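Reviewing the structure listed below.
The values are calculated or read from the model by the stated rules, or taken from the named source; none is laboratory data. Note that the coordinates shown come from a computational prediction; the quantities given were computed from them, not determined experimentally. Note that we place each Cβ from the backbone using ideal geometry, even for glycine, and neighbour counts take in every protein chain shown.
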Amino acid sequence: MLGLIIPVALNGLMTGAIYALVALGLTLIYGVLHIINFAHGSLLMLALYAVYFMHVLLGVDPYVAMPFLVLAFFALGYVLQRGIISTFSHGKESNILLVTLALSIIIDNLALYLWTSNTRSLNLPYAYEMIEVAGALLPLPRLIAFGAALVIALLLWLGMTRTRDGRAIRAIAVEKRGAELVGVNVKHVYALCFGIGTACLAAAACLLIPTFYVTPQVGYAFVLIAFTTVVLGGMGSFAGALVGGLLLGVVEALSGLFLGETLGQIGIFLVFILMLLFRPQGLFSARGVR
Amino acid sequence: MTQNSSDLTRVSSRGISRRRLLALGGSGLGAPGLARAQPAPVRIGAVGPLTGTLTYNGTQAQAGIRIAADIINAAGGIKSLDGARLEVVYADAESRPDVGAAQIDKLAGAGVSCIVGAQSSAITLATTQAAARFGIPHVVDIGTAPQLLQRGLSNVFRFTPGSGESVTLGVENLFSLNRAAGNPVKRIAIVHEDGPFGSGMAKTLAARLPGVGLEIVETISHPTPQRDFTTIALRLREARPDLIMPTQYINEFILFARALRQQRLSIRGIYSIFGGGASNPRFAREHKEAAQHIIDTNHWYDPRKPMSQALAQRCAAIGIDVSYDVMVAFGSMQVIADALEQAGSREREAVMATLARATFSDTIMPYGPIRFEKGQNSGARVVNTQIRDGVIELIYPAEFATATPVFPMPPRV
């Protein structure tokens, strides 16, 4: 069993990259804007169906579909926030939670109605391409997802620190009223944030589908862990989401190996509780953003 | 309307109960002239999970029931009831036992003669109990839990085999398959989800496999959902089993089958009993490589029967897979139609008495003569299927087989 530690840990790192990808979008929405987005998992599910159908109906490879879907989901997120979430929450933050919950119920049931709960998955030729790293066999799509998670986290960090919109988002996160007073268009920036967060999900979906599946309930497999990752990494920190996701992946894999898969989840929450006890602000405490 | 008038004479000599009056009213007493020209349809209640987590099973079964009713009606309905047509009343159990039970009240109010459903043991336990209160016969299409028939309810008729019989037969078939191939399999690994379904199966297998000379070298349980199966695949590689017996739901099954292939395990077979994915046509089609040669023990129809082929054609026409839910729901409707035919009555008591006593003719299932003994169809049995190039073939028993088993499976690259 000891001989398995390195391959298991490396594979955990690959799984962790997926957690990080899902958490990157959430850390922006939840961590920066403090919107508890219950629809995060449902939007991930929607993105997975989008990639699936682009491949099945149009023959588009998931990696080729990524730029198109990222744009489409940015637009979707923007419109959702501007048109539905902000309209129906009447400016109250507590209402936002309920509106996103309603959205998730509607999206989930619509998916169930349209596509039934039967599991769909893609069988791509490269799904079984394995790369040997330090004696561990790693699936090529997982390695690609790992690399992409690093790149996306870096891009988000650059966007947040180097662009005007990034500065506006940070300004709102720190002091909403003040930002408004100096002329920041709060509604636009909120929608922008939501759009970027949703676009991250589209990217995550494209990277996830070669090794995963899609059902109307698939979002729930990731959403709890995404919230955990965001809090663990530090609210609003992209580096935190990345490192937090990778850490949880490795912890889950190793505790699965030593405690059995049924108890594997314990490792995740043990780390989480320890973090809340000794470093409640999270690994990176969002200084990366602010 | 001979049946109605004889009912009437019999009833009037004893006084008419309210329930009987209602039943008679529904069947044409209220409008005898109209009824003579076109007998009122016989209502059948179909309860199942049309929404919620079990939607796939529920809607597939619904399709099977609808197609069966269409075919029976097109062939002239129930002849002993003057060609009365079957009219199915659908009720959604929302994947919840309590909702399923509540829906039975509605079906009883709609005047159904018989109920069919409900694709899951948990829901069926509730619906059969509720139907018993109204004295409605309940034909169970799928519900493998032994408790279904241990409650002394006389209205429960299970068309398919229960879990105990199925595991016994599954293990026997594995033994025969292995012996016929020269016993290439000795070491078994069990991988199961940690709910009642998987844990129960693992426990039963642990008790029975040593009896047929098979050694269990590893048992691994995992939660649902489980997002990655690499660790499990690596542990299995160390345990070096000849055969893996998975008991999981479809999503985990897909990831597991993939992980086994990705981590290049050399095994001689994957053999499941009520496996989540191995009898799912979509999985077989979408994962030709990972699914190749996986054997399952499950409900399956006899694909060579003309009626089976008619069902497959109808399913293709409406664009749904011929899954086992469709098959057993269709078969259950065939039995109900036969019971109505033999009873010559649409009354619940008469239908129930006929189901309890009579022997039923051919259905699409590869079953022996269908008799319900203490509520269990004694002719029912599970069969073995194997995925071959994206298609699910029946491989065992030989008399129904559409393909010869490939066992042990050839080494995977």
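Brief remarks follow.
Residue-wise test of (1) under 17 Å from residue A:148 (Cβ atoms); (2) in contact (Cβ under 8 Å) with a residue 12 or more places away in the chain; (3) surrounded by fewer than 24 Cβ atoms within 10 Å (Cβ to Cβ).
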site	(1), (2), (3)
A:24	yes, yes, no
A:31	no, yes, no
A:36	no, yes, yes
A:39	no, yes, no
A:44	yes, yes, no
A:47	yes, yes, no
A:57	no, no, yes
A:61	yes, yes, yes
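- Single match in B:235, B:208, B:179 (criterion: at pLDDT 90 or above and either crowded, with 22+ Cβ neighbours inside 10 Å or within 11 Å of chain A (Cβ to nearest Cβ) (or both)): B:235
- Of the candidates B:84, B:74, B:122, the single residue that is crowded, with 21+ Cβ neighbours inside 10 Å and among the hydrophobic types (A, V, I, L, M, F, W, C) is B:84.
- Taken over the stretch B:96-119, the criterion of being of a type in the set (S, T, N, Q), modelled with pLDDT of 95 or more and not in a helix (DSSP H, G or I) is satisfied by B:113 alone.
- Yes/no for residue A:17 being small (Gly, Ala, Ser), farther than 17 Å from residue A:193 by Cβ and more than 14 Å from chain B (Cβ to nearest Cβ): no
- Test: residue in the stretch A:223-245 that is at the interface with another protein chain (Cβ under 10 Å from one of its Cβ atoms), crowded, with 18+ Cβ neighbours inside 10 Å and either at pLDDT 90 or above or more than 20 Å from residue A:160 (Cβ to Cβ) (or both): yes
- Selection count, the stretch A:1-59, where residues are farther than 30 Å from residue A:186 by Cβ and over 14 Å from the mean Cα position of the chain (by Cα): 24
- Filter pass, residue B:304 being surrounded by fewer than 20 Cβ atoms within 10 Å (Cβ to Cβ), within 11 Å of chain A (Cβ to nearest Cβ), touching a residue at least 40 places away in the same chain (Cβ under 8 Å) and not hydrophobic (A, V, I, L, M, F, W, C): no
- Test: residue in the stretch B:47-64 that is surrounded by fewer than 22 Cβ atoms within 10 Å (Cβ to Cβ), among the β-branched types (Val, Ile, Thr) and more than 26 Å from residue B:317 (Cβ to Cβ): yes
- Flag if residue A:178 is away from chain B (no Cβ under 14 Å) and either at positive phi or assigned to a loop (DSSP other than H, G, I, E, B) (or both): no
- The set of residues in the stretch B:216-232 being over 31 Å from the mean Cα position of the chain (by Cα) and more than 7 Å from chain A (Cβ to nearest Cβ) consists of B:217 alone.
- Flag if residue B:92 is of a type outside the set (Gly, Ala, Ser), out of contact with any Leu (no Cβ under 8 Å at 6 or more places or on another chain) and assigned by TED's automatic domain parsing to the domain that holds residue B:327: no
- Checking residue A:203 against (1) modelled with pLDDT under 95; (2) farther than 15 Å from residue A:35 by Cβ, the condition it does not meet: (1)
- Selection count where residues are part of a helix (DSSP H, G or I) and in contact (Cβ under 8 Å) with a residue 60 or more places away in the chain, scope the stretch A:111-152: 15
- Of all the listed residues (B:320, B:244), the sole one being part of a strand (DSSP E or B) and in contact with a helix residue (DSSP H, G or I) (Cβ under 8 Å, 6 or more places away or on another chain) is B:244.
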